[in-house]
Amino acid sequence: MSEDRPEKKMRIAFVVHEFPMLSETFIVNQAIGLMDRGHEVDIFTRQLGPMEKVHPDVRRYGLLDRVRVLSVPENYVFRVISAIALIFKYGYRHPIRLLHS
């Protein structure tokens, strides 16, 4: 016999190179399935895909409102400097998590 316990709600991030991609419907399906279970979903991408042909569920579930386009410097040195700056800026909040990563 199993107890009926409420499911713990999670915040889930998808990190993809490009979104939305019509050929990658599994990402859309996973995000929608998690949202249907009450989880909070965010999608981080380096660039937006073509908007002419978008999976219908992307619009129906408002996934485009959950997309954040990341600005990652192309230059490796600037990328490392930016990462170090972010560690100093936010690392104090969760130092143990930072050490584990």
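The values are calculated or read from the model by the stated rules, or taken from the named source; none is laboratory data. These figures come from a predicted structure and were not determined experimentally. So basically every Cβ, Gly included, is an ideal-geometry build from the backbone, and we count neighbours across all protein chains shown. Surface areas here come from the heavy atoms of the whole protein model, side chains and all, with no ligands, DNA or RNA. Shrake-Rupley method; radii C 1.70, N 1.55, O 1.52, S 1.80 Å.
Cβ-Cβ below 6 Å, separation at least six or inter-chain, first residue in region 12-34 and more than 14 Å from ARG68 (Cβ to Cβ) and at pLDDT 95 or above, second assigned to a strand (DSSP E or B) and open to solvent by less than 60 Å² (accessible area, probe 1.4 Å): which pairs?
LEU34/ILE12; LEU34/VAL41
Considering only residues that are outside any strand (DSSP E or B) and in contact (Cβ under 8 Å) with a residue 40 or more places away in the chain, look in region 49-101 and name the one that is surrounded by the fewest Cβ atoms within 10 Å (Cβ to Cβ). Reasoning before the result, please.
Filtering region 49-101 for residues outside any strand (DSSP E or B) gives 49-66, 70-101.
Cutting the leftovers down to in contact (Cβ under 8 Å) with a residue 40 or more places away in the chain gives us 63-64.
On the way: LEU63: 22, LEU64: 14.
Step by step, filter region 49-101, then rank; the result is LEU64.
Criterion first (loosely packed, with under 11 Cβ neighbours inside 10 Å, under 15 Å from the mean Cα position of the chain (by Cα) and in contact (Cβ under 8 Å) with a residue 12 or more places away in the chain) does HIS39 satisfy it? Reasoning before the result, please.
On the way: loosely packed, with under 11 Cβ neighbours inside 10 Å: no; under 15 Å from the mean Cα position of the chain (by Cα): yes; in contact (Cβ under 8 Å) with a residue 12 or more places away in the chain: yes.
When the stated conditions are applied, HIS39 does not pass them.
Restricting to region 3-48, name every residue that is assigned to a loop (DSSP other than H, G, I, E, B) and among the acidic types (Asp, Glu). Walk me through it before giving the result.
Restricting attention to region 3-48, the residues satisfying the condition of being assigned to a loop (DSSP other than H, G, I, E, B) are 3-10, 20-24, 37-39.
Residues satisfying the conditions are GLU3, ASP4, GLU7, GLU24.
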